[in-house]
Amino acid sequence: MSAALALSPEVLAKYQPVIGLEVHVQLLTKTKAFCGCKNEYGGEPNTHVCPVCLGLPGALPVLNKQAVEYAVLAAKAIGCEIRETSIFSRKNYFYPDSPKGYQISQFDKPIAENGELIVPGFDAAGNAISKRIGITRLHMEEDAGKSLHDGFADSASRTYIDLNRCGTPLVEIVSEPDLRTADEVFEYLTKLKEILLYTGVSDCNMEEGSLRCDANVSVMLKSDWEARGTAAYGTKAEVKNVNSFRYIRAAVEYEIERQIGVIEDGGRVVQESRLWNNAEGRTYSMRSKEQAHDYRYFPEPDLPALVVGAEWQKNILSAMPELPEARRARLASEYGLSTQDAATLTTDRELGDFFQQAAALAKSPKRVAAILLSEITMRLRGGELVLGQSPVSLNGLVLAADLAEAGEISSKQLKQLLDSCFTESKDFAFIYDRDKPQQISDTSAIEAMIDEVIAANPAQVAQFKGGKRTVSAFFVGQVMKLSKGQANPALLNELVVKKLDA
Amino acid sequence: MPESPNALKSTVNNDLSTLTLAEARAAVVSGTTSATALAERYYERIAAVDPEINSYLALTKDRALAQAASVDAAVKSGAPLGPLAGVPIGIKDVLTLKGAPATAASKILNGYHPPYDATAVAKLEAAGAVLLGKLNCDEFAMGGSNENSAYGPVHNPRSLDRVPGGSSGGSAAAVAAGLCAASLGTDTGGSIRQPAAFCGVVGVLPTYGRVSRYGLIAFASSLDRIGPFAHSVADAATLLEVLAGTDTMDSTSSAQPVGSYSADLAKPVAGLRIGVPEEYFGEGLDPEIRAAIEKSLDDLRAAGCSIQKVSLPHTSYAVPTYYVLATAEASSNLSRMDGVRFGHRSAEANTLANMYRKSRDEAFGPEVKRRILLGTYVLSAGYYDAYYRKAQQVRTLLTRDFLTVFNDVDAIVCPVTPTPAWKLGEKTEDPIQMYLEDIYSVAASLAGICGMSVPCGTTKDGLPIGVQVLGKHFDESTMLRVGAAIEAAQVK
């Protein structure tokens, strides 16, 4: 994906990349961080605004309690400690979509610190390992508005400002420089998003900008690292403007190689911000004087210290859902699911919830998992649907699982019924009632078919008689085929063994 | 009382020049006059007198007369009347009034009409006040002489060639000249108390958090306070009772219960312990002011107060501490004046950087620029610890000074200013000298305690002298009682 640079694997192998991430996450609160305006994506420009988020002279911020609660939930979900008394600070800079001339953020006393994420990675020898990525801090801040440079008749000479987004509550999650490869970056972000989605504090929608990521990338010679440790860290560049995890992986990969190239050519990496250009697959220097920005942080005098005491924390945490890792382990042990199935069922909270509710109602949770993960998932994917759009309801899934478990429908019949559900957009109960397979439960009819199969397969009969009793399955299969899948499987099993033993 | 030869001479509706809030309300409520007629008479007087004083930047006549009409209707119908029913009040132009200009006496807010009311003005109106207009002040409330207004200086009605004080110079002068029965000003480092002293009216600085700042165009958020100017302590108490209280729109407003300031004025002051800080009577204090304050202390003693010397040992650090913290906050607060959404935008704004540079360069006055530069400097990387952080630490010490003294006394009495009102133009060339005039006012600002200035005499040249009363946090009641006792002794 990244524009290839001609560096040999031997050269690349001399260097140790060091990567830290800053992830901005918009919180799904009803109103904005410091005013009562609707917190909603889009809308006619400059309609979700008031004196406070417009930064009009005399207006004052009032902190949104729900934003604090969401920040605490997010922080605890990634293992952070909550600072009981945190301080809002002003980050001063001029930009037209920042109407106050400063952003209300947190600086030296953020609401949360010292978290971690465990991500899959590889050790030096290439063995799969779990890797701990430290999280330095999670702090609260407000989003800016949007500068619209394109799309207007006079865009060549003017920039338009939409302040609807201005004041949207954000948390910024800053990782330690613990990441070493672009793949680890991808895994970290995937894991972070998975957890945040579980907590429900954000929709983490990168297209709409509700999750944004900047990567700080540097490289150093491995020999230097071994000799001097963190003192050997190279100069970092910040990669911005990347709007998907895949592109971040590509951008980080590119940036690592670019920096190695610079050093190999005898140059020095410059501390700067670089924009990812997706079309070209490379990063560009922003070449702005912004590099030397002094934000002149100082405590926001319009807001008292934020105190989240033990009691409030307890109340907030009562809304903490079971997180994916814990749920994974529990599903595996509670329902005897495979690690793979448990992992798939918990990649998003909705699927896991759906499974758990169905499992609680159905006779066999394992059967529910099997149908959900294969038959339902496959058909959803085929129709480009999400779970919420599935024609098969929770009760439909339970009914299907129970019928299959009881042997009242064969797997082939199940597939046919589900096909009808998806092509007709009808729930399983409806289709089943209408197309109820004509199952043959008439003993004499089944016996007649068994006799026919026994007569046609003397060799297998001899095997069975010789003690290889598993051959009975062969006869069951043949009879089922003969019955076009309609023989009652339980009855068929019973009769086959009886006939063979006779 | 001697009168300055340069005092205001106009006689148009001269009875208004001393009309108190209480008298104005009583006249309207009793039907002696109507709110409408009273407002009209004030507007007549403003038209005749204000050209000499320059206290009003804008008149809000339509809104005032509509409010007066509704008060008059209420009087007629016997509907309940607010504590400020029909009382004509002027508003410092750093407070927002929906639809009216709000310039903060700066060119940079030229043409800006805020779409919302400040909480304080909304409360006044809800209590029946008739808001006559917006009053001149120093640009963004930065100054102590009202000479920093982009719309010309205000003249002291007691002596027209002298400054009215600042930054709320228009608010003090308008009351002193009878151009409103009372007014609102703001005080960040003395901007209510000092002009009150210079113009010979009562000015009250409520405890920080007592009055909502919502709608106050910020100078220094941790210091800015809104308070009343009035002809009497009783009037100020009435106004404060209306203004005080918590506000969901201001996170720094306090939930402390509001005192019964007016009712409490009836309580005798006998037995109150008054502290006199020795640091406030040192070198540089004008002898006439010293004598007037000592006279007030005698009056309080005569009323049964005990007077004791106290010490506020960090006083000498107050001025530098104040100018570090206030300018730091100002540099950030004024960033929103950027030419993007409202106010002045340079005609030469051909690039983004130019829009900022030129718009701000063209429209901010020299004192505002000076303070933005100072504040930007003290917050800069490498200087923050030496200036801003250190100043915050000293602020804590200054506050502790007061808390310690208030263990032993109920109120503090001291000068407001080292000198009486100076001549226009006399100190404009020397900003440091101007800053040093704040020596007796800024410590209380930094500590967040309440304070007031009460007229306590005049110089031999006829210039008013004010005495400062400082009270504990949220103990405006005691402070106002002491102020009232001093005032009562003047009348005698």
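The values are calculated or read from the model by the stated rules, or taken from the named source; none is laboratory data. For clarity, every value in this text was computed on a predicted model and none was experimentally measured. A quick note on method: Cβ atoms are made from the backbone with ideal geometry, for glycine too, and the neighbour counts reach across all protein chains shown. What goes into the accessible areas is simple: the full protein's heavy atoms, side chains included, and nothing from ligands, DNA or RNA. Shrake-Rupley method; radii C 1.70, N 1.55, O 1.52, S 1.80 Å.
Just want to confirm a number: the relative contact order over chain B, from Cα pairs under 8 angstrom separated by 6+ residues, in percent.
Here the relative contact order equals 18 percent.
How many percent of the accessible area of the stretch A:418-502 is carbon or sulfur, using a 1.4 Å probe?
54 percent
So, with a 1.4 angstrom probe, what is the percent of accessible area on the stretch A:86-159 that is carbon and sulfur?
53 percent
Taking Cα pairs under 8 Å and at least six residues apart, what relative contact order does the stretch B:409-461 come out at, in percent?
38 percent
Just want to confirm a number: the relative contact order over the stretch B:23-126, from Cα pairs under 8 angstrom separated by 6+ residues, in percent.
26 percent.
Would you please state which residues of the stretch B:349-392 a label at A:PHE152 would reach in this model, taking the label point 7 Å out along Cα→Cβ and a backbone N cut-off of under 20 Å?
Only B:349-357, B:359 fall inside the zone, counting backbone N under 20 Å.
Please label the shape of the stretch A:50-200 as rounded, prolate or oblate, based on the square roots a ≥ b ≥ c of the eigenvalues of the alpha-carbon gyration tensor (a/c under 1.5 means rounded; beyond that, a/b larger than b/c means prolate, else oblate).
oblate
Considering the zone a paramagnetic label at A:THR181 would reach in this model (a point 7 Å from Cα along the Cα-to-Cβ line), which residues of the stretch A:241-275 have amide N under 13 Å from it?
What the label zone holds, given the 13 Å backbone N cut-off, is A:253.
Pop out the carbon and sulfur fraction of the accessible area of chain B as a percent, whole number, probe 1.4 Å.
55 percent
Cα centroid distance between the stretch B:209-244 and the stretch A:77-131, in Å?
The stretch B:209-244 and the stretch A:77-131 have Cα centres spaced 40 Å from each other.
Per the helix-only calculation at 222 nm, which mean residue ellipticity applies to chain A, given -39500 (n - 2.57) for every DSSP H run of n ≥ 4 and division by its residues, nearest 500 deg cm²/dmol?
Result for chain A, helices only: -11500 deg cm²/dmol.
Could you let me know the centre-to-centre spacing of the stretch A:20-56 and the stretch B:387-419, using Cα atoms, in angstrom?
About 40 Å separates the Cα centre of the stretch A:20-56 from the one of the stretch B:387-419.
Where in the stretch A:79-106 does accessible area fall by at least 50 Å² between the isolated chain and the complete protein assembly, at a 1.4 Å probe radius?
A:PHE94, A:PRO96
Compute the Rg/Rh shape ratio of the stretch B:14-270: radius of gyration over Kirkwood radius, all on alpha-carbon atoms.
When Rh is taken as the Kirkwood radius, the ratio is 0.94.
When the helices in chain B are scored as -39500 (n - 2.57) per DSSP H run of 4 or longer and the sum is shared across all residues, what 222 nm value do you end up with, to the nearest 500 deg cm²/dmol?
-11500 deg cm²/dmol
How would chain B be classified by its alpha-carbon gyration tensor: rounded, prolate or oblate, with rounded meaning a/c under 1.5 and the a/b versus b/c comparison settling the rest?
Rounded is the answer for chain B, as its axis ratio a/c remains below 1.5.
Grab the beta carbon distance between B:GLN308 and B:THR33, set R0 = 45 Å, and tell me the FRET efficiency rounded to 0.05.
0.40
So which trypsin sites (Lys or Arg not before Pro) in the stretch B:293-365 are both in a DSSP loop and have at most 10 other Cβ atoms within 10 Å of their Cβ?
Taking the stretch B:293-365 and a limit of 10 other Cβ atoms within 10 Å, no loop trypsin sites (Lys or Arg not before Pro) are found.
Which of A:GLY200, A:TYR254, B:GLY483 sits closest to the plus end of the dipole of the protein assembly as shown, meaning its Cα is farthest towards the positive end, when Lys and Arg get +1 and Asp and Glu get -1 on the C-beta?
The Cα lying farthest towards the positive end belongs to A:GLY200.
Counting Lys +1, Arg +1, Asp -1, Glu -1, what net charge surrounds B:SER168 among other residues with beta carbon under 14 Å of its beta carbon?
Within the 14 Å Cβ shell, the charges total -3.
Which of the trypsin sites (Lys or Arg not before Pro) across the stretch A:94-198 are loop residues per DSSP, with 13 or fewer other Cβ within 10 Å?
Sites meeting the loop and neighbour criteria: A:ARG158.
What is the percent of Cα-Cα separations in the stretch A:324-435 that go past 23 Å?
For the stretch A:324-435, the share of Cα pairs beyond 23 Å comes to 23 percent.
Under the rule a/c < 1.5 gives rounded, and otherwise a/b versus b/c splits prolate from oblate, where does the protein assembly as shown land using the Cα gyration tensor?
In terms of gyration-tensor shape, prolate.
To the nearest 100 Å², how much accessible surface do chains A and B hide from each other in total, with a 1.4 Å probe?
Counting both chains, the buried surface is close to 2700 Å².
For chain A, compute the orientation-averaged projected area of the C-alpha convex hull (one quarter of its surface), in nm².
Computed as one quarter of the Cα hull surface, the answer is 33.5 nm².
Calculate, for the protein assembly as shown, the solvent-accessible area per residue in square angstrom, rolling a 1.4 angstrom probe over the heavy atoms of the protein chains.
40 Å²
Out of B:PHE364, A:THR31, B:LEU334, whose Cα points farthest toward the positive end of the dipole of the protein assembly as shown (charges: +1 Lys, Arg; -1 Asp, Glu; placed on Cβ)?
A:THR31
Cα centroid distance between the stretch B:87-112 and the stretch A:414-439, in Å?
Taking the Cα centre of each part, the stretch B:87-112 and the stretch A:414-439 sit 72 Å apart.
Residues of the stretch B:191-234 with accessible area at least 40 Å² lower in the all-protein-chain context than alone (1.4 Å probe)?
Relative to the lone chain, where solvent access is computed with a 1.4 Å probe, the stretch B:191-234 loses at least 40 Å² at B:TYR214.
I want to check the label-to-label distance for A:GLU325 and A:ARG381. Put each point 7 Å from Cα in the C-beta direction and report it in nm to one decimal.
2.7 nm
Stokes-Einstein at 4 °C, 1.567 mPa s, Kirkwood radius from Cα pairs: D for the stretch B:352-492 in µm² s⁻¹?
71 µm²/s
In sequence order, what are the phi-derived ³J(HN,Hα) couplings for the stretch B:109-121 according to the Karplus relation 6.51 cos²θ - 1.76 cosθ + 1.60 with θ = phi - 60°, rounded to whole Hz, with x for glycine and proline?
9, 4, x, 7, 10, x, x, 8, 8, 5, 4, 4, 6
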